[in-house]
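Participant: Below is the structure I would like to discuss, written out as structure tokens.
The values are calculated or read from the model by the stated rules, or taken from the named source; none is laboratory data. What you see is a predicted model; the values in this text were computed from it and never measured. Glycine also receives a Cβ, built like all others from the backbone with ideal geometry; neighbour counts cover every protein chain displayed.
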Amino acid sequence: MAYEPSLTKYVGEPNSYTLDFYLKHQRGYEGLRKALTVKPDDIIEQVKASGLRGRGGAGFPTGMKWQFVLKETPKPRYICCNADESEPGTFKDHVLMERNPHLLIEGCAISCYAIGAKVAYIYIRGEFHHVQEILEAEIEKAYRAGYLGRNVLGGGFDCDVYVHRGAGAYEAGEETALIESLEGKRAQPRIKPPFPASAGLYQCPTAVNNVETLCNVPLIVLNGPEWFVGIGPEKNGGPKLFCVSGHVKKPGVYEASMHTTLRELIYGHAGGMLDDRPLKAMIPGGSSVPLLLPDQLDTPVSFDHIQKAGSLLGSAGLIVLDDTVCMVWLAMNLLHFYRHESCGKCTPCREGCDWLFKLLARLEAGEGRSKDLDLLSGVSNNIIGKTLCAFGDAAATPVLSTMKLFRGEYEAHVREGRCTLPAGWRATHPTLVAH
Amino acid sequence: MSFHPPMEYAPTRFHKSERELAEPGGGFTYTPENQAKFDANVKRYPADQRKSAILYALYLAQNQQGYLTAAAMRHVAQQIGCTAAEVEDVVSYYTMFFTKPVGTYVLNVCRTLSCALRGAERVTEELIATLGIKPGETDPTGTFTLLEVECLGACDRAPVVMVNDDWHERLDPDQVRVLVDAIRARGRAAFSGCHLHKEKM
Ligand SMILES: Cc1cc2nc3c(=O)[nH]c(=O)nc-3n(C[C@H](O)[C@H](O)[C@H](O)COP(=O)(O)O)c2cc1C
Ligand code: FES
């Protein structure tokens, strides 16, 4: 049975981002109209019944998250849409916001109605300036058409949606750090509990949801939870966006069900390996998750299957690596990222990432010692589980995973005193670009 | 009466901090247009949460004079109703704020995994050779600043170079050289922008 895309069906059409197009082709704002005829709790029940799991990284059930949002309080409630999209290898929310912004706007409005919020803030990363321009222009149109603002569609419900621009920080994607940043502070995570559901933005009950998660909400309301459950394996229902990058012929965002296998994504959707080289390994969920090997190609890309295979679906950013990739170099490249992005709040992460990078850079330069391998796992294990947010685990994972699967390459670097796999696409003078 | 010998407070030789102080800068106030923009933006947040507008306020100041000086940060502090130290705390955290002058065109080369796999390191090397500056530096004429940045969220179009706020995608070393020449000749008109963006035309 051919899969029928519902999130990105029209993204290639020239005017897909306009309100007119959305109303004409995507039954635009019918979901909102329908939602306003039932009680907010019914919406939460529908989302729960659909089994929708968060698309931002953790895969937590969205309906449950909304149910936790405190009701017995005089304080206002908030929706924060996480449009920070900074996990290396992830670029799906960008497409949704730029080519189908009204789906997100409608999703924000329905979600506000469901949890009893009047305001949704879309926290967009600073580098998405051109996306923000489109999104804000379309929000303006939604206001003028009566889908936002006072007394939405005459249903007595008030809803404001604002875009808030970040300024360059991966950590701002972590939900409590996002809230801190939205409050005008450094994007550093909070100690949990309290969770955002009871004390989030301005210490008010808050739900933080990813862009793709919120885009699924109008579809659930419109087509019913059964439709959603019917797409994909048990507990992994609904349409899903996959970001394929790295050594493939056609990198891009592909919508599919979670029945799809890694093999179908790489050799089907993405057109196969670049220059038909052999596949060496895959990172299935953004840079923060363990690697998978070619013999796992037939794993379906669902939260549960990927987890069973020993990794995580995370943000569904599939990075494909061919046989030219040196795994020590790969770990060094990613630790450069984590070292740079560590917010500095927890000592194990702030100091540990720096040391991991230095050790890896020394190994890659051919000056590593055999003791360094133990040191690498020692430092990594002293970061994992010892930080306030999941950043620490994310940073140590590329090191531990490559060491586990490709230990021979690490040993060869020490033994031969050089990088044993210098690919043609890398720098000719590594020192110039190493730091 | 004190028996202590007179003590020098905070003499410079005891000042060990490596912290670089912001450039003082001349008197700074928003242009009337920027003031109006700020006043409109701050209304998006509850009246007692003006600090939420701080990133927006800083972008306005940075766009007005190219980078942030101590005077600009003080002005932002006044607008927000917080201390200048709180503003500096925020400025020093986020990578998109500059506290030193930068070139007219800031070339941000993505260096993270997916871009590196498709040749970003070679792109950086080409820019180093073409511009005669290293990452983090500005050329003597103040035209270009070269920066290496982390994943821009466009890994399918690797390697990506963001010039100011505009994206340039799927570049190879030859193309960046052409891009630099084109910017030298035609300025902003040479920007190509995000490919998704173009499809809407
Ligand atoms: C270091 C770190 C970075 C994160 N970055 C993002 C991000 O860029 N976008 C996102 O949606 N979620 C990100 N998350 C996950 C969020 O914390 C949160 O789980 C998510 O926004 C919840 O939304 P969801 O339930 O809809 O997935 C990040 C988490 C961590 C620990
Ligand atoms: S790695 Fe360059 S955009 Fe993601």
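Participant: Would you say A:Val221 is crowded, with 24+ Cβ neighbours inside 10 Å, in the same structural domain as A:Ala316 (by TED's automatic domain parsing) and not in a loop (DSSP other than H, G, I, E, B)?
Facilitator: no
Participant: Picking from A:Ala197, A:Ala187, which residue would you name as being in contact with a Phe, Trp or Tyr (Cβ under 9 Å, 6 or more places away or on another chain) and surrounded by 24 or more Cβ atoms within 10 Å (Cβ to Cβ)?
Facilitator: Criteria check complete, one pass: A:Ala187.
Participant: Take B:Ala53 and decide whether it is touching a residue at least 40 places away in the same chain (Cβ under 8 Å) and either outside the structural domain of B:Glu169 (by TED's automatic domain parsing) or more than 30 Å from A:Ala427 (Cα to Cα) (or both).
Facilitator: Against the criterion (touching a residue at least 40 places away in the same chain (Cβ under 8 Å) and either outside the structural domain of B:Glu169 (by TED's automatic domain parsing) or more than 30 Å from A:Ala427 (Cα to Cα) (or both)), B:Ala53 does not qualify.
Participant: For B:Val106, indicate whether it is in contact (Cβ under 8 Å) with a residue 12 or more places away in the chain, part of a strand (DSSP E or B) and either under 19 Å from the mean Cα position of the chain (by Cα) or closer than 30 Å to A:Gly89 by Cα (or both).
Facilitator: So B:Val106 passes the test.
Participant: Another question about this same structure. So which of A:Tyr121, A:Tyr147, A:Tyr143 ends up being crowded, with 24+ Cβ neighbours inside 10 Å, assigned by TED's automatic domain parsing to the domain that holds A:Ala177 and modelled with pLDDT of 95 or more? Before you say what the answer is, go through the steps one by one.
Facilitator: Working: A:Tyr147 fails: crowded, with 24+ Cβ neighbours inside 10 Å; A:Tyr143 fails: crowded, with 24+ Cβ neighbours inside 10 Å.
Just a single option satisfies the conditions, and that option is A:Tyr121.
Participant: Only one of A:Glu98, A:Glu72, A:Glu30, A:Glu13 is outside the structural domain of A:Leu178 (by TED's automatic domain parsing), farther than 28 Å from A:Glu234 by Cβ and either of a type in the set (Val, Ile, Thr) or away from ligand 1 (no atom under 11 Å from the Cβ) (or both); which?
Facilitator: When all the criteria are applied, what remains is A:Glu13.
Participant: A:Leu262 - would you say it is free of Cβ contacts under 8 Å to residues at least 60 places away in the same chain and buried (at least 23 other Cβ atoms within 10 Å of the Cβ)?
Facilitator: yes
Participant: Which pairs turn up if I take residues in the range A:61-78 that are within 14 Å of another protein chain (Cβ to nearest Cβ) and look for partners that are more than 16 Å from ligand 2 (Cβ to nearest atom) and among the charged types (D, E, K, R) with beta carbon separation below 7 Å, at least 6 apart in sequence or on another chain?
Facilitator: These pairs meet every condition: A:Pro76/A:Lys118.
Participant: Another question about this same structure. Check off (1) within 9 Å of another protein chain (Cβ to nearest Cβ); (2) under 21 Å from the mean Cα position of the chain (by Cα); (3) within 16 Å of ligand 1 (Cβ to nearest atom); (4) more than 30 Å from A:Leu19 (Cα to Cα) for B:Val90 and give me the number that stays unchecked.
Facilitator: (3)
Participant: Does A:Thr347 satisfy the condition of being free of Cβ contacts under 8 Å to residues at least 12 places away in the same chain and among the polar types (S, T, N, Q)?
Facilitator: Against the criterion (free of Cβ contacts under 8 Å to residues at least 12 places away in the same chain and among the polar types (S, T, N, Q)), A:Thr347 qualifies.
Participant: Are any of the residues in the range B:106-129 of a type in the set (Lys, Arg) and more than 13 Å from every other protein chain (Cβ to nearest Cβ)?
Facilitator: No, every residue in the range B:106-129 fails to be of a type in the set (Lys, Arg) and more than 13 Å from every other protein chain (Cβ to nearest Cβ).
Participant: For the range B:64-83, what are the residues that are touching a residue at least 12 places away in the same chain (Cβ under 8 Å), within 14 Å of chain A (Cβ to nearest Cβ) and within 30 Å of B:Gly142 (Cα to Cα)? Walk me through how you get there before you give the answer.
Facilitator: Let us first name the residues in the range B:64-83 that are touching a residue at least 12 places away in the same chain (Cβ under 8 Å), namely B:64-76, B:79-82.
Right, trim to within 14 Å of chain A (Cβ to nearest Cβ) and you get B:67-68, B:73, B:76, B:79-82.
Within the range B:64-83, B:Tyr67, B:Leu68, B:Met73, B:Val76 meet the criteria.
Participant: Picking from B:Asp48, B:Asp39, which residue would you name as being surrounded by fewer than 14 Cβ atoms within 10 Å (Cβ to Cβ), modelled with pLDDT of 95 or more and within 14 Å of chain A (Cβ to nearest Cβ)?
Facilitator: The match here is B:Asp48.
Participant: Pick from A:Gly224, A:Gly200, A:Gly156, A:Gly237: which is free of Cβ contacts under 8 Å to residues at least 24 places away in the same chain, more than 10 Å from ligand 1 (Cβ to nearest atom) and more than 10 Å from chain B (Cβ to nearest Cβ)? Write out each step before concluding.
Facilitator: Numbers: A:Gly224 fails: free of Cβ contacts under 8 Å to residues at least 24 places away in the same chain; A:Gly200 fails: free of Cβ contacts under 8 Å to residues at least 24 places away in the same chain; A:Gly237 fails: free of Cβ contacts under 8 Å to residues at least 24 places away in the same chain.
The conditions single out A:Gly156.
Participant: Determine whether A:Gly286 is farther than 22 Å from A:Phe406 by Cβ, within 16 Å of ligand 2 (Cβ to nearest atom) and within 17 Å of the chain's Cα centre (by Cα).
Facilitator: no
Participant: Taking the range A:161-176 only, how many residues are more than 10 Å from chain B (Cβ to nearest Cβ), out of contact with any strand residue (DSSP E or B) (no Cβ under 8 Å at 6 or more places or on another chain) and under 18 Å from A:Glu127 (Cα atoms)?
Facilitator: Residues that pass the stated criteria total 1.
Participant: Which residues, counting only those in the range A:155-184, are buried (at least 20 other Cβ atoms within 10 Å of the Cβ) and of a type in the set (Phe, Trp, Tyr)?
Facilitator: Across the range A:155-184, the qualifying residue is only A:Tyr170.
Participant: Let me ask something else about it. Of the residues in the range B:89-135, how many are closer than 24 Å to A:Arg186 by Cβ, within 16 Å of ligand 2 (Cβ to nearest atom) and touching a Gly at 6+ places or on another chain (Cβ under 7 Å)?
Facilitator: 2
Participant: Now for a separate question. Looking at (1) away from ligand 2 (no atom under 16 Å from the Cβ); (2) touching a residue at least 12 places away in the same chain (Cβ under 8 Å); (3) of a type in the set (Val, Ile, Thr), find the lone condition where B:Val178 falls short.
Facilitator: (2)
Participant: A:Gly51 - would you say it is within 16 Å of ligand 1 (Cβ to nearest atom) and outside the structural domain of A:His259 (by TED's automatic domain parsing)?
Facilitator: Answer is yes for this residue.
Participant: Picking from A:Leu421, A:Leu318, which residue would you name as being out of contact with any Lys or Arg (no Cβ under 7 Å at 6 or more places or on another chain), of a type in the set (A, V, I, L, M, F, W, C) and assigned by TED's automatic domain parsing to the domain that holds A:Gly285? Let's see the steps before the verdict.
Facilitator: Details: A:Leu421 fails: assigned by TED's automatic domain parsing to the domain that holds A:Gly285.
Exactly one of A:Leu421, A:Leu318 is out of contact with any Lys or Arg (no Cβ under 7 Å at 6 or more places or on another chain), of a type in the set (A, V, I, L, M, F, W, C) and assigned by TED's automatic domain parsing to the domain that holds A:Gly285, namely A:Leu318.
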